[in-house]
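Some notes on the structure that comes next.
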Amino acid sequence: HHLLYDGWSLPVLMEEFLSTYKRLTQNQTPQITQEDRYEDYIKYLSNQDNHKASAYWKNYLEGVNEGSLLPFIGTNADRNKGIGNYKTIKFSTDTVTTKQLQAFAQQHHITINTLMQGVWAELLHRYTGNSDVIFGTIVSGRPDDLPNIEQRVGMFINTLPLRSEKKAGLGFVHQLEHLQRQQIASREFQYTPLQQIQALSVVEGDLFDTLFVFENYPISKMLTNNNWGIMLSNVEMDEHTNYPLTLKISASDTIQVAFNYNENVLQTAYVDAIRSHFEYVIAQI
């Protein structure tokens, strides 16, 4: 649960658990690992320059006068409170399309994450009719200068606004490059709470009601080894955010796209249309 740890932490926990289990079943002493203290991260946060972070985000949101809300959701005070029944619609690219997208990304020196964000930004521009839109993105929140950060367990992820501005004369590739530069710059202040960022804008209420998640947890080869002497089956996760629509994307041999939505505020027919539009933009790329 996110009260305790994030998705990145799960493989770290499972690897230690399975390794310990295997050693115990073989009458071996479990490996003693160095204690991982979340207080190290709390101390790290207390040493950051919050004034500099606030100045960055205030400048980042300069000129944003309204939130980027999906127009086909009726006015509803509870739209972003996570109250309702959540469902998921999925699709995945085939291997040929995936290779073409990877080649496109490499050619223009962008990541698949940025490319997929660009697809969603393009759709948001069309849906809202605005040349300036914002949606939420999940970042790992793990600072490079905190020792052994990749093996730490805890709640590090954060939700940040990602802004897409369409400017006359600039093509789709330039929009993607701009998105990527923005994310690199924002990384220095990725620890800033979303509530604090929203308070720095002139927008009353939410900045966005859609969330973009690109899952790229590092899974070690040790964890994918099936020779553990223990079998797990029938594992289910009922997971959703508090937003009406969350896009979850993972990439390997294919690109999997899942649209998790609150059917109490967003009709399934709209989500199915969004899925179709997303596939269409990918095909055009």
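The values are calculated or read from the model by the stated rules, or taken from the named source; none is laboratory data. On a predicted model such as this, the values are computed, not experimentally measured, just so you know. We place every Cβ from the backbone using ideal geometry, glycine too, and count neighbours over all the protein chains shown. All accessible areas refer to the heavy atoms of the entire protein, side chains included, with ligands and DNA or RNA removed. Shrake-Rupley method; radii C 1.70, N 1.55, O 1.52, S 1.80 Å.
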What are the pairs with Cβ atoms under 8 angstrom where one residue, in the range 49-76, is over 19 Å from Gln183 (Cβ atoms) and the other, located anywhere, is exposed (fewer than 13 other Cβ atoms within 10 Å of the Cβ) and of a type in the set (Val, Ile, Thr)? Sequence gap at least six, or different chains. Asn65/Val202
Please specify each residue of the range 106-126 satisfying the condition of being free of Cβ contacts under 8 Å to residues at least 60 places away in the same chain and surrounded by 19 or more Cβ atoms within 10 Å (Cβ to Cβ). Ala121
Qualifying residues in the range 206-220 (those that are over 15 Å from the mean Cα position of the chain (by Cα) and open to solvent by 50 Å² or more (accessible area, probe 1.4 Å)) - the one modelled with the lowest pLDDT: Ile219
Could we say that Thr33 is touching a residue at least 12 places away in the same chain (Cβ under 8 Å), in contact with an Asp or Glu (Cβ under 7 Å, 6 or more places away or on another chain), open to solvent by 70 Å² or more (accessible area, probe 1.4 Å) and over 30 Å from Val265 (Cβ atoms) here? yes
Determine the pairs where a residue that is closer than 30 Å to Lys52 by Cα, located within the range 165-187, has a partner that is basic (Lys, Arg) and open to solvent by 60 Å² or more (accessible area, probe 1.4 Å) with Cβ atoms under 7 Å apart, the partner being 6 or more residues away or on another chain. Gln175/Lys166
Considering only the range 237-285, how many residues are in a loop (DSSP other than H, G, I, E, B) and of a type in the set (S, T, N, Q)? 6
Scan the range 64-110 for residues that are polar (S, T, N, Q) and either closer than 20 Å to Tyr280 by Cα or at pLDDT 95 or above (or both) and jot them down. Thr88, Ser92, Thr93, Thr95, Thr97, Thr98, Gln100, Gln102, Gln106, Gln107
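Okay, residues lined up against (1) of a type in the set (Gly, Ala, Ser); (2) farther than 30 Å from Glu16 by Cβ; (3) in contact (Cβ under 8 Å) with a residue 40 or more places away in the chain:
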position: Leu194; (1), (2), (3): no, yes, yes
position: Asp206; (1), (2), (3): no, yes, yes
position: Thr210; (1), (2), (3): no, yes, yes
position: Met231; (1), (2), (3): no, no, no
position: Met237; (1), (2), (3): no, no, no
position: Thr241; (1), (2), (3): no, no, yes
position: Ala251; (1), (2), (3): yes, no, yes
position: Tyr261; (1), (2), (3): no, yes, yes
position: Ile285; (1), (2), (3): no, yes, yes
Considering the range 164-186 alone, what residues qualify as being assigned to a helix (DSSP H, G or I) and surrounded by 14 or more Cβ atoms within 10 Å (Cβ to Cβ)? Phe172, Val173, Gln175, Leu176, Glu177, His178, Leu179, Gln180, Gln182, Gln183, Ser186
Taking the range 127-163, which residues are of a type in the set (A, V, I, L, M, F, W, C) and either in a loop (DSSP other than H, G, I, E, B) or free of Cβ contacts under 8 Å to residues at least 40 places away in the same chain (or both)? Leu146, Ile149, Val153, Met155, Phe156, Ile157, Leu160
Filtered residues of the range 5-15 (kept if surrounded by fewer than 18 Cβ atoms within 10 Å (Cβ to Cβ) and under 18 Å from His240 (Cβ atoms)): Gly7, Leu10
Could you tell me whether Gln48 is more than 30 Å from Met237 (Cα to Cα), part of a loop (DSSP other than H, G, I, E, B) and under 26 Å from the mean Cα position of the chain (by Cα)? yes
